[in-house]
Amino acid sequence: MKSISTYLRQSFSTMLNNNNWLMNILFLIVAGLAYLVICLICSLILAIPMVLIAMVTGGAGFFFYALLTILFLAWMLIVYPPLFYGIQITFLEVARGENINFSNLFCGYHKRIIKPLALKWFYLMAACLAGLIIYQVILMAFSIPLVIPQEASQFWMYPLLVVLLIPFYYLCYSFSMTENVVYDYQYGITKFEEEEQLEEEEELSSSQILSISKRLMQGHKLKLFLLDLCFDGINIAILAIGILLMFALGEAIGGLGAILLGIMLLIALPTIISASLTARGYFYNDLVGYEDRGTDFAEEEVEDNNN
């Protein structure tokens, strides 16, 4: 495996030297707009039964909140995973020397793809909810109000919440390569050890696909976490610099400061996010030894499968 600095250099070099740099930014903007539109449509559809139940129950009741929770989980398992899949595999292709393909954005809504993705996010949501429930139970057991504690003696509850959510973050990084594994398995680009144990015409199950991601990430979760942390730090730095410039130049340029800040963020943040996703693509390529085999071999396999 390469060092974190190597992944950073590779990802930014790919983004800045790519002739389709503006297309990368446009893709993320389109993806973000598609995400917002789908969320809005789903919210409007889901609001109808919620409003009806609220009218019947007087705006409260266990069933209303239970339905709200179920609908939120359904949204997280059906709407978000396929869109994230399309975005992640797009930049995996960028890390493999290919151009942006807008058709990838909605390719995650295939039945064969959505099943392992739904299982992944089911495990993540279950781990997150379990940690939050245990946290709330501890709060109630110690008679601590369900608000942000103000007393210094209650600050120990903050690290407790972080500890209780460790399983969630552990699973996040264990299953972080699921989308890439699904993509490579679908097109036969990478042959995994688990496939050798299958009988003829038998396919990998969703749980086996998650197991492949978990196996690939053994001993590498910390490095990927630090890599993500670097990009998060860059995003925060850009946002802070933009806000400082807006206030510093506020008197000189007036309302143009907010406009310039918006333009800067519209270009800078998608660029950093693109570089982050591309770095994850390089990271995965190293996990499966893609670059060691050469891209020509992989491209031939993709063409054979498409034909």
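In region 233-248, the residue that is farthest from A275 (Cα to Cα) out of those that are β-branched (V, I, T) and without any contact (Cβ under 8 Å) to a residue 12 or more places away in the chain is I241. Counting only residues that are open to solvent by 30 Å² or more (accessible area, probe 1.4 Å) and either outside any helix (DSSP H, G or I) or not hydroxyl-bearing (S, T, Y) (or both), region 88-117 holds 12 of them. The helices (runs of 4 or more DSSP H) found entirely in region 253-307 that carry 1 or more residues being modelled with pLDDT of 80 or more, under 16 Å from the mean Cα position of the chain (by Cα) and under 18 Å from T90 (Cα atoms) are 256-288. Looking at region 191-209, which of the residues that are closer than 17 Å to R112 by Cα and assigned to a loop (DSSP other than H, G, I, E, B) is most open to solvent (accessible area, probe 1.4 Å)? The qualifying residue most open to solvent (accessible area, probe 1.4 Å) is E201.
Considering region 225-246 alone, what residues qualify as being open to solvent by 40 Å² or more (accessible area, probe 1.4 Å) and over 26 Å from L171 (Cβ atoms)? A237, L239, A240, I241, I243, L244, L245, M246, listed by residue number.
Of the residues that sit in region 210-222 and are closer than 17 Å to S3 by Cβ and open to solvent by less than 60 Å² (accessible area, probe 1.4 Å), which one is nearest to the chain's Cα centre (by Cα)? Of everything passing the filter in region 210-222, K221 is nearest to the chain's Cα centre (by Cα). State yes or no: is S153 on the phi > 0 side of the Ramachandran plot and either modelled with pLDDT under 75 or loosely packed, with under 14 Cβ neighbours inside 10 Å (or both)? No, not satisfied.
Being at pLDDT below 90, under 25 Å from E93 (Cβ atoms) and among the basic types (K, R) is the requirement here; does K191 meet it? Considered against the rule, which asks whether it is at pLDDT below 90, under 25 Å from E93 (Cβ atoms) and among the basic types (K, R), K191 comes out as yes.
Residues that are surrounded by fewer than 18 Cβ atoms within 10 Å (Cβ to Cβ) and without any contact (Cβ under 8 Å) to a residue 24 or more places away in the chain are absent from region 170-188 altogether.
Close Cβ contacts (under 8 Å, 6 or more residues apart or on different chains) running from residues in region 276-303 that are over 23 Å from R215 (Cβ atoms) to residues that are among the aromatic types (F, W, Y) and modelled with pLDDT under 95 comprise S276/F231; T278/F91; V302/Y187.
The values are calculated or read from the model by the stated rules, or taken from the named source; none is laboratory data. None of the values given here were measured: they were computed from a predicted structure. Note that each Cβ is placed from the backbone with ideal geometry, even for glycine, and that neighbours are counted across all protein chains shown. Side chains are part of the model used for accessible areas, which takes the heavy atoms of the whole protein and leaves out ligands, DNA and RNA. Shrake-Rupley method; radii C 1.70, N 1.55, O 1.52, S 1.80 Å.
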